[in-house]
Structure formats: C-alpha cells, structure tokens
Amino acid sequence: MLTDKTINETLEFFSEVENVYHHETKKYTMHQLTANILLIKNELLEIEKYADTKVNTAILHEYLQKLQNEYSVIEELANQLDEKFSLFIMGSGKNGKSTLINALLGQKKAAVNILPKTWKIDIYSQALDSEKNPNVKIRYRNNQIRNLPIKEAEELIQSEENKRNESEKRIAKIINDFKEQNATVEQLEQKKRQLNKYELYKSEITEVIWPVVGSSILNDYRLVDTPGLKQELVSDMIISDASEYYKKADGVIWILPANKIAGKTDYKEIDKIISSKKFNITNIIAVINKIDMVAGKEKEILEEAKKLYGKFFNIFIPISASMALKAQLQLSNTDNNNEKYSEAIKLLEDSGLPNLLNHLKSTVFANALDVQLQSKLNNINQIYEAVQEIIRNYFDVLYSAINKYDNIEKQWNEELLDSKNALTENLERFIMRESQRIYSTTSSIEDQLWEMEGEKRSEYIKNNIIRPEYIKRNLESIIIQHGSQLKNLQTSYIEHILSTFTEFPDLNTKELMIFGNTNNITAAYDSILTGENEAQILLGGALALGATALLGPVGVILAGIAATDTGKSIAKWLTRTFGESIATKTKNNFLSSMSRVKDNIFGEYDKAIENSNIVVRNTMDKSFSMLYGSYYNQNKIIEQFNKISTLSYNNIDSLSVEDILFN
C-alpha cells in the first residue's frame, strides 16, 4: 500500500522532472533557434564590405537592413523563451486597448486617450516588490538593452517622439508643396516613398519594458501594448505596420468595438493582417470591448461579431474595460467590509473581465510552455520564409538591373561603332567627290596649265582647283557634325543611365538632388551638358593637322618638271606619252594628302570616343554602384546571399524526456 510519503515523493519527483524538462527544452530550443545566426551575421558582414553607406548603395543597404531586422527578431524571440508568456493586445487605435491593459493590470499604467507611439511596443512586466525604484528597459533594434530610471526613460521616449513629429511635419509640407507642382500620381507615390526612407525619423528603439509592482496577471504573462492598426498617416502615407511586431507574440487578444462592430475599417485591417501568410498566430481571442455602450443588445452584438469575424476568431468574449478598470481601482481603495466594496465586486463581474481571465487561465496558461514554444517556432519559421522572400526579391531586382546594365553597355558600344563607321563613310564620300572634281577640272584645262610658269601653275592649282580653304571648311563641317552627334549620343546615354539606375525613376534630377544620393553623378552630368562643343574641341586638332597635310604637298605636285619653254614641251610630251597627266598627278597627290588627313581625323575622333566612353562608363558604374554596389562585385555578393539563403532554414528536432534524463 502506498503511503502518503511515497505519493508525495513521487509527485515531487515528477514535478522536478517537469521543471527540468521545461528548463532543458527552453535551453535546447534557444540553442537550435540561434545556431545559424552567427554564421549568417558573418555572411552579412561580408556583404557589407561591398555596401558603402545607406546612400551610396541604397537598394543593397535596404535589403541588408531588412535581413538584419529579421535576424534580430529571431534572436529576440529565442531570448524571450526565458521570459514569461507574451500576451499582445491588438486592434485599431481607438478601441480601448490601453484601458483594457490597465484593467488587466489592476492599475493605471498605460496612457489612455493617447494613441500609442507607432515606432515601438510597450511591454508591462512584473517587478519585484523589493525593488524600490525599478528601471525601465529600453531595447534597441540591434537587441542592445539600456536600463534607465522611469523619468529618464520617459524623457528619452518623448525626445524620440518629438524628432518623429518634426520629421512628419516636414514631410507633410514637402508633399503638399509637391502636389501643387502638378505632380503625377506615380511621382507623388515615389515622392512619399523617398520621404519615408530618407526624411522620416525612425527611432532605433523597438521596445520599452515598463516595470509594474503588485499586478497578479504579470505572475503569468507579460502584457504588450501595440500601436493601433493603420492609425497614423502623414499626408496619406501609412507609417505604422502591424507586421513589424506581431511576430513577437505568443498569444493575442484582439479588441473589437461593440458600438461599431460592423465598422468597415476594422474588418479590412483584420482581413488584411490575419489573412496574410505572414500572420501565423493561432492562439488568439477576440474581445468585444465597450459592451456597456450597447446595453440590452449584447446577444445581438455577439451574434453579429461571430457572423462578421467568425472566419478569423473562434472565441469571442464581451467585456467593458472601462467598467473593469473602475471596479479594480475601487477595490484597491475600499475596505472589503463596506457596501462600496460589494458594489465594486458586482461591477467587476458585470464587466466581463473575470470571464476573460478564467478563459486565459484554463486555455492559454494551462499549456503556456507548449503554446509559447510553438508560437516561437511558428514565428521563426515565418521569419525564415520572409528571409527567403527578401533574398528572392533582391535577386529579381538585382538581375533586372544587371540585365539593364549589360544591354546599355552593348547598345553603347554598337552606337560608338556606328558613329565611327558613319564618319568614315562621310569622309570617304567627300574625298572621292572632291578628287573627282579636282581631276575633272584639271583635265579640262591641262593644256593651259602646261603653258604656265611652275610656281604660277602650282599656285593656280592650289587656289583655283584644289581650294584648300574650301576643303577645310567642308572637313570642319563634317567634323562638327559628327562631334556634335557624339556629344548628343553621350548626353542621351547619361540621361538614360541616370533615369534607369535610380530608386525613384519618376522624380526628376532636381528632386533627386534634395537627398544627395545622386549628387556626384548629377554634378558630372551638369558639367557635360554645359561644356560647349566638347567633342568639336577634341577634334579641333584634326583640322589643323589636316590643313597642314593638305597645303604642304600642293606646291610640289609638279616638282622635277623643267620650267623652261623647251623643258615644258619635252615634259608635256614625255608625260603624255610615258607618264601621268597633271590631272592624274594632282588627284593622286590629293588622295595621298587626304589619306593623312583622314588618319589624323580618325586619331582625334578615337580620342573623343574614348573620352565619351570613359564618361558614360563612369556614369554607369557610379549610378549602378550607388544602388547595388560595384557592378564588378555582384558575383561575390550573389554568392554571399546564396550562402545566407542556405543557412536560413529552421530544422528543430523535438526533445524527449528520455533525451533529458539519459543524455
């Protein structure tokens, strides 16, 4: 027969095993959850070597920041396994969240009638009675913790809020001014995105953990006050998103307003969030608050709530948070032997709060560890899925940009070759036309030319047939035409590049310059546009060299032919019988001279092409780099992202009692 002692010892043994199991399970799970985080962080650091700053590698930095935020949440969730069950109070901003939190706490701690700050969550955690002046814990985005006295914490939060408010006012003014400039819908949307990224002040504080003494519910839970859903707008720009914090929840109380149960705003937001694949919380209760405002219609409201929200919630509990808080405060200040105490007890029962607490105790808290572990695993799996999606999205963006870069480079090279071929064709056509003109003109007066004195004949051929100044003007016209075309080609490609590799393609250069992320390129671009006749000036040397080559040999075209009358007759007879005519010699010498002119022009034009090529390629490299990092480092960056993707999977084996007892 079992004695009481044996039974008690057996119960103590199983209780100890249970406690050890819970402790080891948390420890094991925490280790598994964070096992790859250090490796992932090292890979992120490798990528950061290629990311200059937030501005100079804007898109790469943006995606890196997204990944770092997700991994910080994983670390935070793992560390929260040592914390009590995190019970989140969620819902629209004016549905009474703060009042419900105060009612649950049994004291006024959460600010009422003030919309919660959109950039943080407030956590109410148990403080020991022995702590006279417990500190507030401030958690930052990088998971660092700062402990401050309550007053200093409040001052810090107010300072952060002031910075936020000031930035919101600036944004509102900028957007209003922008609207007056007849901006398109696309431009306005991109302007908002630009301002949200570069102008909106974003505090690094993510959580404020407030110590609360003497609240029984905090023996089992940590209560979390969240920003209202889509509660705050800056010039139609949403700056609050529930997805930023609901991943941290172990369980959720979702508040619905009894007096506006059919409100479209609440329904749309709930549908958007809970129906999202990102929302993975099954441990959720719907609380219909302000039930006292629909007295006599409680059953109708409850039925309507189930009809409207039945696909989102399984459990609906009607309460009046204001009645509950009033009752709690009366009970804390009233002797339990008088009539007011009895009235407060009745008021508390009528508020529905005891029903909510009993439900939490019999369901959520009864399996708190299992629920907490499962919620953490679910949320972390969800985060890893989000990480994979972030990487896939970045690859889509990056590969598209690389493809654009390659296409621009290919088209640019083809157009440079076409421009060189066009110059060659125009020069060849001009030279052949002029050589035919020179030959025909010289042939028609060859006899008269033989009658002229040598120097006079050479001068006549130069000034009246070849006409160097005429040739020079035509060459100059060709060079200016093609130099201008090269400059226009360069300018059009720079415009194309700047509009292609930018975060906000619908905003013009002036708008982009406000935020500095294109200043260097814009300055270079402006200097190109204002540099008059840059390409023509580069080719100017070809004109001078061409004229020298052209004018130099004219005087010696007929060198060696005697200048005497007898000599003329003999030379004329010998030339016509055995040699070339004056026309042929003049044409051939012209072609020979123009060959050197062509070489000079092509040499200068090649230099101009190379200079344009340097400007365009520098613009391509700089503009691409300012978004994604150097084009030439992309294979390494892609390799690092692939490593991160491989490491970002959560495979946790279950831990049995046998593992704990015998391993």
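Per-structure values
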| quantity | calculated |
| --- | --- |
| Summed side-chain charge close to K472 - residues other than K472 whose Cβ falls under 13 Å, Lys, Arg +1, Asp, Glu -1 | 0 |
| In nm, spacing of pseudo-spin labels at N133 and D350 (7 Å Cα→C-beta vector) | 4.3 nm |
| Rounded FRET efficiency, nearest 0.05, which uses the C-beta distance separating K410 from R596 and R0 of 41 Å | 0.75 |
| Largest to smallest accessible area among H359, H31 [probe 1.4 Å] | H31, H359 |
| Karplus (6.51, -1.76, 1.60) ³J(HN,Hα), θ = phi - 60°, over the stretch 380-396, in Hz, Gly and Pro reported as x | 6, 4, 5, 5, 4, 5, 5, 4, 4, 5, 4, 5, 4, 4, 5, 4, 4 |
| Average Cα contact separation per residue, the stretch 286-437, under 8 Å, 6 or more apart, as relative contact order % | 16 percent |
| Debye equation applied to the C-alpha atoms of the stretch 252-400, log10 I(q)/I(0) at 0.13, 0.15 Å⁻¹ | -0.75, -0.91 |
| Theoretical gain in end-to-end length, S499 to D271 [0.36 nm per residue, Cα-Cα removed] | 78.3 nm |
| Summed residue charge, Cβ within 11 Å of R617's Cβ, Lys/Arg positive, Asp/Glu negative | -2 |
| Mean separation of Cα contacts under 8 Å, 6 or more apart, over the residue count of the stretch 401-510: relative contact order % | 40 percent |
| Candidate residues T646, T226: accessible-area rank, largest first, probe 1.4 Å | T646, T226 |
| At R0 = 51 Å, FRET efficiency that the Cβ-Cβ distance of N358 and E154 yields, to 0.05 | 0.90 |
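The values are calculated or read from the model by the stated rules, or taken from the named source; none is laboratory data. Just so you know, these numbers come straight off a predicted model, no measurement behind them. When we count neighbours, we look across all protein chains shown, and the Cβ atoms used for this are built from the backbone with ideal geometry, even at glycine. Each accessible area value is taken on the protein alone, full model and side chains, heavy atoms only, with ligands, DNA and RNA left out. Shrake-Rupley method; radii C 1.70, N 1.55, O 1.52, S 1.80 Å.
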